[in-house]
Amino acid sequence: MQACILFTASPSSEETDKNIRQLCREFGLQTGKTLSGRTSSCLAQEAHSDEKIEFSALREAAASYQIDVNNIQPDTRTKKLLIADMDATIIRGESLDELAELAGIGSQISKITARAMAGELDFEQALAARLALLKGQPASLLEEVVKGVTITPGAHQLIATMRAHGAECYLISGGFTFLTSYIAQKLGFTGHHANQLGLTDGQLSGSALPPILGKQAKRDFLHHYCGQMNIPLSQSLCVGDGANDMMMLQEAGLGVAFEGKPALRAAIDTQISYSDLTALLYLQGYEARDFTA
């Protein structure tokens, strides 16, 4: 059976192209179509082999050049539904950690966040513990978080291109609606779902309003929207970085660990660690000329 491989890396450069050709020679791959263009932010090169390749060795070798390597299935690539995590995926960093920094308790909360995303703590318990530490902080801090948010490179093109080609895109986050509403509107998502912070007299109440959106809810939204759109799970693409995304990614037609935590990378085969979010378009077979700005 022919092995089909996609190499991606950011930024796109002649040196990266040279390294990909070297990897192809070392592992007996024939280079195929180049999907990216000369001005693309991310280089994307297909390759193939009629022989079985040592994929784990190839991925390890490519990582030394900061190049992502993934198996692709050419016949089932373009997806009709995207469900994306927000924190550390569509945006840089964890919004709750940013809120804690503004409140002056960043180190206390970031430690809990890191353990939750690594799968060492139950997500709902970790969320409750972090919110309790924020009780009494002014609600005005939420506006500061929104002002300081950084969109992950490639996110605009990912959403715009998939929407332009008829896909539906949803932002599903274990974070909070004060930020998902802003990000969803800014990037053009079809819709969004997240937790809602409790507020009392202009201050954080120290809790979230039930029900809590965690890993089960993310998986349930995947099934809900596939059913609503009358499409099979194979037509879905889900992307996230943490342990609470794992269930959703495992059931998606294409689940992608984007800069994933170790526990997630151990469970999810398709991994983007060195490329921007346009790599998700290349994984679906889009070429740079298909992108919508």
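The values are calculated or read from the model by the stated rules, or taken from the named source; none is laboratory data. If you're wondering where the values come from, they're calculated on a predicted model, not measured in any experiment. Cβ coordinates were reconstructed from backbone atoms using ideal geometry, including for glycine residues, and neighbour counts include every protein chain displayed. Ligands, DNA and RNA are excluded from the accessible area calculation, which covers all protein heavy atoms including side chains. Shrake-Rupley method; radii C 1.70, N 1.55, O 1.52, S 1.80 Å.
Amide H contacts of residue 169 (H built 1.01 Å from N, in plane; Pro and chain starts excluded): 82, 190, 191 sit under 5 Å, all sequence-distant by 5 or more or on other chains.
Restricting the calculation to alpha carbons of segment 234-293 gives Rg and Dmax of 11.7, 35 angstrom. A cut-off under 9 angstrom between Cβ atoms defines the neighbours of residue 190, and their net charge, with Lys, Arg +1 and Asp, Glu -1, is 0.
Summary of packing: across the peptides 109-119, 130-140, the per-residue average of other C-beta atoms within 10 Å ranks them, highest first, as 109-119, 130-140. According to the calculation over all Cα-Cα pairs in the chain, the P(r) per 5 Å bin from zero is 1, 5, 12, 16, 18, 15, 12, 9, 6, 3, 1, 1, 0, 0 %.
What the phi angles of segment 284-291 give under the Karplus curve with 6.51, -1.76 and 1.60, with θ = phi - 60°, is a coupling list of 8, x, 5, 10, 4, 5, 8, 5 Hz, glycine and proline written as x.
Residue-normalised convex hull volume from the C-alpha trace of segment 198-276: 139 Å³ per residue.
Packing, taken as the mean count of other beta carbons within 10 Å per residue, orders the peptides 282-289, 56-63 from highest to lowest as 282-289, 56-63.
Of the accessible area of the chain, computed with a 1.4 Å probe over protein heavy atoms only, carbon and sulfur atoms account for 47 percent.
Over the residues of the chain, the helix contribution to mean residue ellipticity at 222 nm works out to -11500 deg cm²/dmol, using -39500 (n - 2.57) for each DSSP H run of at least 4. Counting only DSSP beta bridges whose two residues both lie in the chain, roughly 50 percent are antiparallel. Taking one quarter of the surface of the C-alpha convex hull of segment 53-117 gives a mean projected area of 7.3 nm². Quick check: from the Cα gyration tensor, does segment 162-237 come out rounded (a/c under 1.5), prolate or oblate? Because a/c hits 1.5 or more and a/b fails to exceed b/c, segment 162-237 counts as oblate. Amide hydrogen proximity for residue 270: with H placed 1.01 Å from N in the peptide plane, the residues at 5 or more positions away or on another chain lying under 5 Å are 257.
Short to long, the 10 Å bins of the Cα pair-distance histogram for segment 17-75 hold 21, 59, 20, 1 percent of all pairs.
Converting phi to 3J(HN,Hα) with the Karplus coefficients 6.51, -1.76 and 1.60 and the offset θ = phi - 60°, segment 260-268 yields x, 5, x, 4, 6, 5, 5, 9, 10 Hz in sequence order, with x at every glycine or proline.
Against the empirical curve 2.2 N^0.38 Å, the C-alpha radius of gyration of segment 134-293 lands at a ratio of 1.09.
Take each of the peptides 210-218, 151-159, average the number of other beta-carbon atoms within 10 Å over its residues, and list them starting from the highest.
151-159, 210-218
Net charge of the neighbourhood of residue 89, taken over other residues with C-beta under 10 Å away and scored Lys/Arg +1, Asp/Glu -1, is -4. Taken over segment 1-144, the convex hull of the Cα atoms encloses 181 Å³ per residue.
Distance from the C-alpha centroid of segment 172-191 to that of segment 225-289: 18 Å, rounded to the whole angstrom.
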